[in-house]
1. Within the range A:47-69, track down each residue that is assigned to a loop (DSSP other than H, G, I, E, B), modelled with pLDDT under 95, exposed (fewer than 15 other Cβ atoms within 10 Å of the Cβ) and not acidic (Asp, Glu).
2. Here are some residues: A:LEU193, A:LEU170. Which one is touching a helix residue (DSSP H, G or I) at 6+ places or on another chain (Cβ under 9 Å) and buried (at least 16 other Cβ atoms within 10 Å of the Cβ)?
3. What about A:ALA183, is it over 19 Å from B:ILE79 (Cβ atoms), touching a strand residue (DSSP E or B) at 6+ places or on another chain (Cβ under 6 Å) and assigned to a strand (DSSP E or B)?
4. When you go through A:ARG99, A:ARG105 one by one, which is the residue that is touching a Phe, Trp or Tyr at 6+ places or on another chain (Cβ under 9 Å) and more than 8 Å from chain B (Cβ to nearest Cβ)?
5. Quick check on the range A:161-172: of everything there that is under 20 Å from the mean Cα position of the chain (by Cα) and facing chain B (nearest Cβ under 10 Å), which residue is nearest to A:THR79 (Cα to Cα)?
6. For A:VAL129, are the conditions met, namely being surrounded by 15 or more Cβ atoms within 10 Å (Cβ to Cβ), of a type outside the set (Asp, Glu) and under 13 Å from the mean Cα position of the chain (by Cα)?
7. Within the bounds of the range A:76-92, is there any residue that is of a type in the set (Phe, Trp, Tyr), surrounded by 15 or more Cβ atoms within 10 Å (Cβ to Cβ), facing chain B (nearest Cβ under 8 Å) and in a loop (DSSP other than H, G, I, E, B)?
8. When you look at A:LEU239, is it touching a helix residue (DSSP H, G or I) at 6+ places or on another chain (Cβ under 7 Å), within 21 Å of A:ALA78 (Cβ to Cβ) and buried (at least 18 other Cβ atoms within 10 Å of the Cβ), yes or no?
Amino acid sequence: MSTPVRTTAAALARALLVALVLLATLLFTGLGTAAHAAKPRVHTVELTTPVAARATVPEGVTVWSAPRATASSVTLPATTSFGTPRVLLATATRGTWLRVLLPTRPNGSTGWVRARDVITRAIADEVRVDLAAHTLTWWHAGSVALESPVAVGAPETPTPAGTFFVTDLLQNADPAGAYGPFALGLSAHSDTLSEFAGGDGQIGVHGTDTPWSIGQSVSHGCVRVPNDVVERLAHGLPLGTRVVIG
Amino acid sequence: MKLSTRITRTFAIATIAVSGSIAVAPHLAGAAQGPGDITNPTHCTHGCDGGGLQGPDDFTAPTPPPVVDPGPEAQDPTIVVAQPTFTG
């Protein structure tokens, strides 16, 4: 007597189950489609203010050739060869990626790092070196904080032009030596010297034991400044400060 | 089995299926987009007010933190004592 009722009920239940499963499928695929449709288009945004990106990963910061994980990559150590914490200069963002200038050859090399691998800090300082005028100008928040005559590279070992950044702030063990009391390492490298004094031809801004050379083109590529000037620079410029040489 | 019991059971199973699908769908959808499309970085550089993500545009173009200007020569640089090997 109850068979027709059970049959009807079973059919109703099956129909209901099928309908709900279809609904779940629609929601499942629909959400994925909606999420994809709502995903904003990611653009590269150039930074108007220099931003230092300090590595936070102990194993070093991985740099990709493009802002995607499938691109080729290299890992820079967490510290420089001098033991300075690794800081890069960020120049643009793209989604969760930062484009950075690299302290590697050739000069001007750039790469991409994940924003989560670094701590960023805006920098209000900038250093400009005028090769022809033999001057260095330290700008802070749009105003000149310091201006000084400098010595730059000789014609056979010229100071490379371009946009670089401060990678190292070194206090010299011998303040009376050729580098003076302090030296600032830059991301730039000599275009003519592949090695120098045990290093890889890295360009620096440093003091000098030949103050009479200031104002001339006589160095091996470094920028020499008076010792009192380099002391102020070393204590006032943060790692990652943009240095424009031209 | 009573009709009402059968319908109730069917509803319960279907509800669980729908809820599970809704919970899993965003994760599966996000995983298929690739790392360049993740819009909520785990590391927040500024504007971390505890309010969580406000929408998909929140992290598409992270901007540098606001500059708190300490004035020139008032920075806190990391100076290392070492022998330079620059080009001189």
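1. Within the range A:47-69, A:THR56, A:PRO58, A:ALA69 meet the criteria.
2. Testing whether each residue is touching a helix residue (DSSP H, G or I) at 6+ places or on another chain (Cβ under 9 Å) and buried (at least 16 other Cβ atoms within 10 Å of the Cβ) leaves just A:LEU170.
3. Considered against the rule, which asks whether it is over 19 Å from B:ILE79 (Cβ atoms), touching a strand residue (DSSP E or B) at 6+ places or on another chain (Cβ under 6 Å) and assigned to a strand (DSSP E or B), A:ALA183 comes out as no.
4. Going through A:ARG99, A:ARG105 in turn, just one is touching a Phe, Trp or Tyr at 6+ places or on another chain (Cβ under 9 Å) and more than 8 Å from chain B (Cβ to nearest Cβ): A:ARG99.
5. A:ASP168
6. Taking the combined requirement at face value, the residue does not satisfy it.
7. yes
8. no
The values are calculated or read from the model by the stated rules, or taken from the named source; none is laboratory data. Keep in mind it's a predicted model, so treat the numbers as computed, not measured. Cβ sites come from the backbone with ideal geometry, for glycine too, and all protein chains shown count toward neighbours.
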